Each structure stands twice: as C-alpha cells, then as structure tokens.
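Structure first, commentary second.
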Amino acid sequence: MAGIVFLKTENLERILEFYTRRVGMTVWLEQPDITILRHENLLIGLQQHSTSDVAGVITFFYPGKSDVDAIYESLHDIALEPPRTNEKYLIYNFFARDPDGRMIEFQHFLHDLPDWR
C-alpha cells in the first residue's frame with residue numbers, strides 16, 4: 001500500500017523551488033495546480049490554493065548523522081537550532097520552517113529500524 005499527503009499552498013512555484021532545490025525532493029507527478037514530490041518513500045502533493053496548510057510536521061529521515069549534518073549545512077539559515085541528540089526518542093535531529101511557515105524536521109534514528117522500503 002502507498003499513500004500521499006496533500007497540502008495546500010498559496011505559492012506553488014515558491015514552495016516547489018524550496019523542496020526540490022533546497023531539500024532535494026524530486027517531482028514524481030504533475031497535475032493541474034498540483035505537483036507531487038518524492039523523497040524516498042515519502043510522497044507529498046502540493047496544491048495551489050488561496051490558503052496554506054501549516055499544521056503538523058513534515059519529517060525527513062536519513063541513514064546517518066552525517067546526512068543530517070549535511071542538510072543542516074545547506075539549511076542553517078532557516079534552521080531553528082543546530083542538530084542535536086534527543087535521548088527520549090533516540091534520534092538526531094533539527095527543525096526548520098519552509099517558506100509557507102510549515103515545520104519541517106530532519107532526523108536520523110539512533111536505533112535499528114524495521115524494513116520500510
């Protein structure tokens with residue numbers, strides 16, 4: 001089974017530029033007023049709309065701490081703080097906000113994961 005999370009955005013072009021150029025997502029499918037982006041097994045549909053959905057958190061996870069550090073280096077200007085270890089959840093992460101004001105998280109799990117691919 002697969003799925004897509006759809007989010008409204010007031011400025012589709014600006015938000016697509018951010019997620020493709022700065023975060024590294026790729027275009028998976030384009031439809032009228034909607035573009036679906038992909039990062040590994042994550043699909044996000046972004047729809048041009050008169051308002052933007054900004055509730056919740058979009059989380060990207062990476063195979064290593066160095067991957068989180070690398071994305072932090074490219075996004076440090078919008079990061080809320082540098083990456084750190086969260087002992088409660090056994091993750092290494094940082095948070096930032098996208099151009100719509102949506103919270104985004106970049107993390108590495110510090111424990112083994114079940115197969116997700």
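Just so you know, all these numbers are worked out from the coordinates, no wet-lab data involved. In this text, all values refer to a predicted model and were calculated from it rather than measured experimentally. Reconstructed Cβ throughout: ideal geometry from the backbone, glycine too, with neighbour counts over all protein chains shown.
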Relative to the longest principal Cα axis of the chain, at what angle does helix 65-75 sit, 0 to 90 degrees, rounded to 10?
-> 40 degrees
Structure-derived volume of the Cα convex hull per residue in Å³: which label, when the choices are (1) 90; (2) 112; (3) 143 | (2)
Output the peptides 6-18, 91-103 sorted from most to least packed, where packing is the average of other Cβ atoms within 10 Å over each peptide's residues.
-> 91-103, 6-18
Under the rule of -39500 (n - 2.57) per DSSP H run of 4 or more residues, summed and divided by the residues of the chain, what mean residue ellipticity at 222 nm is obtained, to the nearest 500 deg cm²/dmol?
-> -4000 deg cm²/dmol
Residue among T59, T85, Y72 farthest towards the positive dipole end of region 5-109, charges placed on Cβ = T85
Could you give the dipole magnitude of the chain about its Cα centre, charging the beta-carbon of Lys and Arg +1 and that of Asp and Glu -1, in debye to the nearest 20?
-> 100 debye
Fraction of antiparallel bridges per DSSP, region 5-109 only, in percent to nearest 5 = 70 percent
Among L46, L29, L37, whose mean-square fluctuation peaks in a Gaussian network model of the chain (Cα, cutoff 10 Å)?
-> L29
